[in-house]
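Enquirer: First, the structure itself, so that you have it in front of you.
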Amino acid sequence: MYRKLFILGNITLLVLFMAAVVEDLAGPYLPHGWAAYQIAYRKMQAAAESAEEAKKAIMGRGIQIQQIMTPDLGQIDRCTSCHAGMDSIATPSMQNSFTDNPYKSHPGNFLKDHPPEKFGCVICHGGQGIATTFLGAAHTPKNEAQKLEWEKKYGWKPTEHWERPMLAVPYIQASCAKCHGNFESLPGTEVVSQGKKLMATHGCLGCHQWKGWGGPISVDLAEETATKPVGRIDFSHVAEAIALSEGKPASEAHTLQPDQATLLNWIRLHFLVDPWVLVPGDPEAKFNTEPIAPSGMQNFTLPSAAFPDQGPELTPDDATALTTYILSARSEKIPHEYYIPGPKEPTFADMHFNSRKEAGKWVFDHYGCAACHGLNAKGGRRNFNYQGGGMEPVLVKTIGTYTRDELRKKLQFGVPIVAKDNPKGATPPLFMPPWKDRMSSDEMDALMDYLFSIAEKQEEF
């Protein structure tokens, strides 16, 4: 009995081994295999030539894996094994007239300034460069229609256990900002540039940091969020968030699909739905020894108090722009000589303002005051369990109740401990940090000038 099982097991192992060898040898020549693509590309190139010698030279070219090694980047890319139109051996001019992937050449003049032998592919596109199959390379469809097309044509599904799938348009603009400090002046970077502007004007850096600079309330978006491993992300409520972002009730949420459980999707949803859906906390202490407030992030799907008739404070396009900019900070091994510095970020002393009000508005935006007090200081943001109804003060209404000395003291020392609406409830997530060590006296004076200039007049008795 045991002898028969032993023989049967060995036969099974032999069959499986032979099947693996056949798949490894024959797979590249099957439809959508890299060798099949190279053969098809040779035929297309030969058909476009009129001289017989040229046709013979093309058809005589070897079929083999093409590999780009970039030691400076610690990367090996085999993308041109399929994308022969971008292979300097198969296509010396790096240009052709083909229109379909993987045969067409790279659009634009990007390869002129980014030669593949120096940059490879993955440093910009993402994905798994060493792979030699469509699925292994971690391609990312740009929309639902392309996803359905790929599922039918290639049997597409997300590449398991690969943290950084390819970046589809327009998220690939994040890669431009990794190396180009001057990205805001470059064509084709409009989305990532808009993301940087939105981060500055909507108060993100009042709570978060960006490469160490910003508020002390939450995480560094560049150092932590942009590089967050998927295994550390809580996707428990992402399916509900996706349903809500599509205009459906949370009760109609479907089972979370693997291609939805990504860092990119998790970041973007924070701007598309109420963040309390994604990070509900535990305000009633059902699962913890003490209550925990939900996210301190604001609900940007609502109109801002400054522009109540203009729809949501952040649109889906804005969400895409912010996500793209955050992803631009993903850590990479990029040598300094690859980096192109941009202009120095202006300081208060560098700026020329037409009025003190304009100067103070710059300070208000620069230090992220809108995070708690809204755009143009016209709407206090929510703060869970904060005394007075869970809302931060509306500065245009409250500033007039302060003297200049009182306001200066509040700005200097902040409000590190905020009063609770429910003394037994969760600690409010937002608080006002002290600014005396971060904001210069000139900046603080300008900020106070701005705030007093927009304050509503108080009744005199």
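The values are calculated or read from the model by the stated rules, or taken from the named source; none is laboratory data. Note that the coordinates shown come from a computational prediction; the quantities given were computed from them, not determined experimentally. Cβ atoms come from the backbone with ideal geometry, glycine included; neighbour counts cover every protein chain shown. When the accessible area is computed, the model is the full protein with side chains, heavy atoms only, and any ligands, DNA or RNA have been set aside. Shrake-Rupley method; radii C 1.70, N 1.55, O 1.52, S 1.80 Å.
Enquirer: I'm a student and want to see the number: the projected area of the Cα convex hull of the stretch 356-461, averaged over all directions, in nm². Kindly include the intermediate steps, with their values, before the conclusion.
Expert: Working: hull surface 28.1 nm².
Average of the hull's projected areas for the stretch 356-461 equals 7.0 nm².
Enquirer: Among A222, S236, S251, whose Cα lies farthest out toward the positive end of the dipole of the stretch 203-314, if unit charges sit on the beta carbon of Lys, Arg (+1) and Asp, Glu (-1)?
Expert: Value computed over the given set: A222.
Enquirer: Also, quick follow-up: What number do you get for the stretch 237-364 when its Cα radius of gyration is normalised by 2.2 N^0.38 Å, N = residues?
Expert: Scaled against compact globular proteins, the figure is 1.42.
Enquirer: Rank these by accessible area, largest first, 1.4 Å probe: Y338, Y2.
Expert: Greatest to least solvent exposure: Y2, Y338.
Enquirer: Also, I was wondering about something else. Evaluate Rg over Rh across the stretch 26-102, taking Cα atoms for both radii and Kirkwood's formula for Rh.
Expert: 0.99
Enquirer: While we're here: Could you compute the FRET efficiency for S440 and K211, with r as their C-beta to C-beta distance and R0 at 35 Å, rounded to 0.05?
Expert: Efficiency, from the Cβ-Cβ distance: 0.95.
Enquirer: Sticking with this structure for a sec: State, to one decimal in nm², a quarter of the convex hull surface area for the C-alpha atoms of the chain, i.e. the direction-averaged projected area.
Expert: Averaging across all directions leaves 33.1 nm² for the Cα convex hull.
Enquirer: Highest mean first, how do 9-15, 288-294 rank when packing is the count of other Cβ atoms within 10 Å averaged over residues? Please list the in-between numbers first.
Expert: On the way: 9-15: 10.0, 288-294: 15.1.
Those peptides, ordered most packed to least, come out 288-294, 9-15.
Enquirer: Something else now. Evaluate E = 1/(1 + (r/R0)^6) for D282 and K410, where r is the Cβ-Cβ distance and R0 equals 35 Å; express this FRET efficiency to the nearest 0.05.
Expert: Once rounded, the FRET efficiency stands at 0.65.
Enquirer: OK, next. Looking at the chain, which Cys residues are left with no other cysteine's beta carbon under 4.7 Å from theirs?
Expert: So far as the 4.7 Å Cβ criterion goes, C82, C124, C176, C179, C204, C207, C369, C372 stand without a partner in the chain.
Enquirer: For the stretch 23-131, give the percent of accessible area contributed by carbon and sulfur heavy atoms, probe 1.4 Å, rounded to a whole number. Please report the intermediate quantities before stating the final value.
Expert: Details: 3490 of 6170 Å².
C and S fraction of accessible area: 57 percent.
Enquirer: Over the chain, give the accessible area per residue in Å² for a 1.4 Å probe, as an integer.
Expert: 57
Enquirer: Continuing with the same structure: Pop the C-beta distance of A47 and T255 into the FRET formula with R0 = 45 Å and round what comes out to the nearest 0.05.
Expert: The value I calculate is 0.40.
Enquirer: Measure off 7 Å from each Cα along the Cα-to-Cβ vector at L5 and S236, then give the distance between these two points in nanometres to one decimal.
Expert: Between L5 and S236, the simple spin-label model gives 4.4 nm.
Enquirer: Let me ask something additional. Over the stretch 270-391, what relative contact order in percent results from Cα pairs under 8 Å that are six or more residues apart? Please report the intermediate quantities before stating the final value.
Expert: Numbers: 113 pairs, mean separation 27.5, N = 122.
The value is 23 percent.
Enquirer: Another question, if that's okay. Report the GluC sites (Glu not before Pro) located in the stretch 6-59 that are in a DSSP loop and have at most 14 other Cβ atoms inside 10 Å of their Cβ, or state none. Don't skip to the answer; put the middle values down first.
Expert: Details: sites: E23, E49, E52, E53; in loops: E49.
Here the sparse-neighbourhood loop sites are E49.
Enquirer: Quick check on the stretch 33-168: what are the equivalent-ellipsoid semi-axes from the Cα gyration tensor, as sqrt(5λ), descending, whole Å?
Expert: Those come to 26, 18, 14 Å.
Enquirer: Heavy atoms only, probe 1.4 Å: what % of the accessible area of the stretch 303-461 goes to carbon and sulfur, would you let me know?
Expert: Heavy-atom surface of the stretch 303-461 belonging to carbon and sulfur, 1.4 Å probe: 54 percent.
Enquirer: Can you send over the carbon and sulfur percentage of the accessible area for the stretch 192-286, probe radius 1.4 Å, protein chains only?
Expert: Accessible surface attributable to carbon and sulfur in the stretch 192-286 totals 53 percent.
Enquirer: For a paramagnetic label modelled at 7 Å from the Cα of T201 toward its Cβ, which residues of the stretch 374-400 fall within the zone defined by backbone nitrogen distances under 18 Å?
Expert: Of the residues in the stretch 374-400, 374-379 have backbone N under 18 Å from the label point off T201.
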